[in-house]
Amino acid sequence: MLKLFLSSVLRAIYLWLAAGVSPWTQGRKPIGTLLVIVAWPAFCVLQLLHWIGFGLDELFFRGWRNVEVEQPLFVLGPPRSGTTHLHHVLSADAQTTTFRTWECLFGLSITARKLLLALGRIDRWVGRPLERLGGAVSRRLLSDMEEVHPFSMDAPEEDFLALMPAMQCFILVAVFPRAEWLWRNARLDQQAGPTQRRRLMRYYKACVQKHMYVFGRDKRFLSKNASFSGMPEALLETFPGARIMACTRDPKKTVPSQMSSLLPGLAAVGFESVDTHLRDRLMALLKFYYLHLDRVAAEYPRRVVIIDNQRLRDDLAAVLQKAYRQLDLNMSEQFSGFLQQADRRSRGFESGHRYTLEAFGLTEADIENFFSEVYRRQSFQSGSARQASAS
């Protein structure tokens, strides 16, 4: 942990110094560059508080090291392929426990979790003023993201945000698209050295153990991370009992949806659009995700299952029942009953998020050509209620 902490400090300093110089400022408005330079130290202070919390955990809560993470379930898949929907459905299973937004942002250590939970109890006792204030602020600041990724402090969230203190969270590419180590980590199974891979996975496993120490050692840990689609082998190695449900979706829909979803974040830090360099790197990464997950699923058929987004939407209960059987997971009566209700709500759902390939200088022919190997390996459901193969 000490080496990871020191490397994170050096990377944070490097990013701050690089933010104001070319070529890192290329394509960014001057006001965006200034905002990053001014806001970055405050962001780093928050990450330092996480590290201080980790240190206090070693003094007061060393029992976290004895927590066993048995049969965790990871939801992976290219971004915008239905992973959030699947994660929210699976989190309704009372047998599971998963990270919430407030944990990812403010409570990664056991010490911070317990302090924040105590503060939450006091807030409820006095009429929830902090909860109402937080809701109002998040609605105002994140209203542009509502159709892309609904946000709530108590909602299930991607725990790749737990990698933020280590400066290894892939979302940082929206602020620093030239940070090469973030791109390498996105392909952790192939591009990280053994030492780097073990160090990062050891840190992530510790974050999972700390969560379970507070929220349920007897539960199945549930995680959803689209950006972990480049590290399924590392997850299976780190968690020997792990299972993976990997979503997939037609690249002609995934690509423009992913590009569009980045626009609010890019605009916030001074970028007017997804430039062609970033677009092409993201497309190459998406292609890697599709092919890598497909290969790992073929190699570990009892531990990894691929789920088509359209089939998941149109026949949720049948698709998940089949996935549970393939992965040899027990489905509780409570969750089975919930699925029947969720199935009806899921059928025919249409997101309010709108996007086109043309907005990013692409055509369907471009996608079919670039992802030709993906199309050869996978078939994608495009209509609704065609589910004969899902049962």
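No value in this document is a laboratory result; all are computed from the given coordinates. It should be emphasised that the depicted structure is a prediction, and the values quoted were computed from it without experimental measurement. A quick note on method: Cβ atoms are made from the backbone with ideal geometry, for glycine too, and the neighbour counts reach across all protein chains shown.
This structure gives Rg and Dmax of the Cα atoms in Å, computed directly, and of (i) 20.7, 76; (ii) 20.4, 66; (iii) 20.7, 59 that value is listed as (iii).
Annotation note: chymotrypsin sites (Phe, Trp or Tyr not before Pro) in segment 213-275 located in DSSP loop regions with a Cβ neighbour count of at most 12 within 10 Å are absent. Taking 20 Å as the straight-line reach from the Cα of K287, the lysines in range (excluding those fewer than 8 positions away in the same chain) are K224, K252, K253. Near T96, the amide H atoms lying under 5 Å from its own belong to R220; only residues 5 or more places off or on other chains count, and H is placed 1.01 Å from N. Of all DSSP bridge pairs formed entirely within the chain, close to 10 percent run antiparallel. Note on the chain: with a GNM built from Cα contacts shorter than 10 Å, the maximum mean-square fluctuation among Q334, Q95, Q258 falls on Q334. Could you pull out every residue, at least 5 positions away or on a different chain, whose amide H is within less than 5 Å of the one on I244? Hs are placed 1.01 Å off N in the peptide plane, and Pro or chain starts have none. The answer is F74, V304, V305.
Annotation: Cα Rg of segment 1-95 relative to the compact-globule expectation 2.2 N^0.38 Å equals 1.56.
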